[in-house]
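Asker: Questions regarding the structure given below will be posed in turn.
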Amino acid sequence: LSSYAYQIWKNAIEADPSIKNAIEKLPSVVYSTKQYKPETNRPEGALVYVRTVSDHDTLAWINPEGNSVTESQFEILKVAACAPNTLGLPRHEMHHEIIQKGAEHIAKEEKNIGGSLGRPTGARFKTYERLKYYLTTIENTLFATEALKRTIDDIYCYPLRQTAIDTLNRQLKSGITDDQLAEVAVQLREDDKLCIVHDETHPHEPKIICSMGLWNK
């Protein structure tokens, strides 16, 4: 989600720099409605953007019955795309009800697929699982340092910083070995670049950032 969303953001800012200030001034839970022509297996409903309790940004597309339409973050972003002159429609009477269903769906999915570690495809989940396994293979050796154990504990307890996500994703894609991954993660922690450890930055409830209704009016 992050790389594709960032590219959309970058392209929009380059086309119209005023968009950046306008978006940054928007309050949380802001919503709009877009003219949308439903297709097979792609019905009307609403899109919701949620920051989860483990500080992951996630999108959901929910139909009027409260069911998820697709889990594809790429497809949701595509249907949400609007031209600068796109006119907004009045809010549908079911909008807030559908958004609540979407937030509940995201919270349930996060719990089912990884709990506080987020999605199995994410850098936090992958790094934790690999380092936890690596620790079992080096237990009772000099390589099983307290620094490594504290690093694994921090990854489990706290969300990663964006710089750490980018670094770890890059290393994971490069085919890094477990011992090398451990070295990178420990160094990030020592440089205070691994996790956001302050309680006030780690919400206890999902936070709805924004939403968009999709209706054929």
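The values are calculated or read from the model by the stated rules, or taken from the named source; none is laboratory data. These figures come from a predicted structure and were not determined experimentally. FYI the Cβ positions are ideal-geometry reconstructions off the backbone, even for glycines, and counts take in every protein chain you see. Side chains included, ligands, DNA and RNA excluded: accessible areas come from the protein's heavy atoms. Shrake-Rupley method; radii C 1.70, N 1.55, O 1.52, S 1.80 Å.
Asker: Return yes when ASP178 is at pLDDT below 95 and among the acidic types (Asp, Glu) and no when it is not.
Answerer: Numbers: at pLDDT below 95: no; among the acidic types (Asp, Glu): yes.
The answer is no for ASP178.
Asker: Just to verify a result, which residue in the stretch 167-179, among those that are in contact (Cβ under 8 Å) with a residue 12 or more places away in the chain and open to solvent by less than 70 Å² (accessible area, probe 1.4 Å), is farthest from GLY122 (Cα to Cα)?
Answerer: If we filter the stretch 167-179 for residues that are in contact (Cβ under 8 Å) with a residue 12 or more places away in the chain, which is where we start, we get 167-169, 171-172, 178-179.
Applying the additional criterion that residues be open to solvent by less than 70 Å² (accessible area, probe 1.4 Å) yields 167-169, 171-172, 178.
Values: THR167: 12, LEU168: 10, ASN169: 8, GLN171: 13, LEU172: 10, ASP178: 17 Å.
So, considering only residues that are in contact (Cβ under 8 Å) with a residue 12 or more places away in the chain and open to solvent by less than 70 Å² (accessible area, probe 1.4 Å), the one farthest from GLY122 (Cα to Cα) is ASP178.
Asker: Which numbered condition trips up LEU89, out of (1) open to solvent by less than 20 Å² (accessible area, probe 1.4 Å); (2) more than 17 Å from GLU39 (Cα to Cα)?
Answerer: Every listed condition holds for LEU89 apart from (1).
Asker: Out of the residues in the stretch 187-199 meeting the condition of being assigned to a helix (DSSP H, G or I) and in contact (Cβ under 8 Å) with a residue 40 or more places away in the chain, tell me which one is farthest from LEU135 (Cα to Cα).
Answerer: In the first step, residues of the stretch 187-199 are kept if they are assigned to a helix (DSSP H, G or I); the result is 187-190, 199.
Retained after the next criterion (residues that are in contact (Cβ under 8 Å) with a residue 40 or more places away in the chain): 189-190.
On the way: ARG189: 17, GLU190: 18 Å.
Ranking the candidates gives GLU190 first.
Asker: Among the residues of the stretch 135-177, write down those that are assigned to a helix (DSSP H, G or I) and over 20 Å from ARG119 (Cα atoms).
Answerer: Across the stretch 135-177, the qualifying residues are LEU135, THR136, THR137, GLU146, ALA147, LEU148, LYS149, ARG150.
Condition check ((1) under 17 Å from ILE106 (Cβ atoms); (2) among the small types (Gly, Ala, Ser); (3) buried (at least 18 other Cβ atoms within 10 Å of the Cβ); (4) modelled with pLDDT under 95) across all residues:
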| position | (1), (2), (3), (4) |
| --- | --- |
| LEU47 | yes, no, yes, no |
| VAL50 | yes, no, yes, yes |
| LEU59 | yes, no, yes, yes |
| VAL69 | yes, no, yes, no |
| GLU75 | yes, no, no, yes |
| LYS78 | no, no, no, yes |
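Asker: Taking the stretch 115-132, which residues are open to solvent by 20 Å² or more (accessible area, probe 1.4 Å) and within 17 Å of HIS56 (Cβ to Cβ)?
Answerer: Initial filter on the stretch 115-132 (open to solvent by 20 Å² or more (accessible area, probe 1.4 Å)): 115-116, 119-122, 125-126, 128-130, 132.
Answer for the stretch 115-132, where residues must be open to solvent by 20 Å² or more (accessible area, probe 1.4 Å) and within 17 Å of HIS56 (Cβ to Cβ): GLY115, SER116, ARG119, PRO120, THR121, GLY122, PHE125, LYS126, TYR128, GLU129.
Residue by residue, here is whether (1) modelled with pLDDT of 95 or more; (2) among the aliphatic types (A, V, I, L, M); (3) on the phi > 0 side of the Ramachandran plot holds:
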site	(1), (2), (3)
GLY114	no, no, yes
ARG124	no, no, no
TYR156	no, no, no
ILE165	no, yes, no
LEU188	yes, yes, no
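Asker: Looking for whichever is out of contact with any Gly (no Cβ under 7 Å at 6 or more places or on another chain) and open to solvent by less than 30 Å² (accessible area, probe 1.4 Å) here; the options are LEU135, LEU160, LEU142. Which one fits? Show your work before the answer.
Answerer: On the way: LEU135 fails: open to solvent by less than 30 Å² (accessible area, probe 1.4 Å); LEU142 fails: open to solvent by less than 30 Å² (accessible area, probe 1.4 Å).
Testing whether each residue is out of contact with any Gly (no Cβ under 7 Å at 6 or more places or on another chain) and open to solvent by less than 30 Å² (accessible area, probe 1.4 Å) leaves just LEU160.
Asker: Any idea which residue in the stretch 6-45 is nearest to GLY213 (Cα to Cα), counting only those that are assigned to a strand (DSSP E or B) and open to solvent by less than 70 Å² (accessible area, probe 1.4 Å)?
Answerer: Kept after step one, since they are assigned to a strand (DSSP E or B), are these residues of the stretch 6-45: 30-35, 39, 42, 45.
Pick out the ones that are also open to solvent by less than 70 Å² (accessible area, probe 1.4 Å) and you get 30, 32-34, 42, 45.
Details: VAL30: 12, SER32: 6, THR33: 4, LYS34: 6, ARG42: 13, GLY45: 6 Å.
Taking the candidates together, the pick is THR33.
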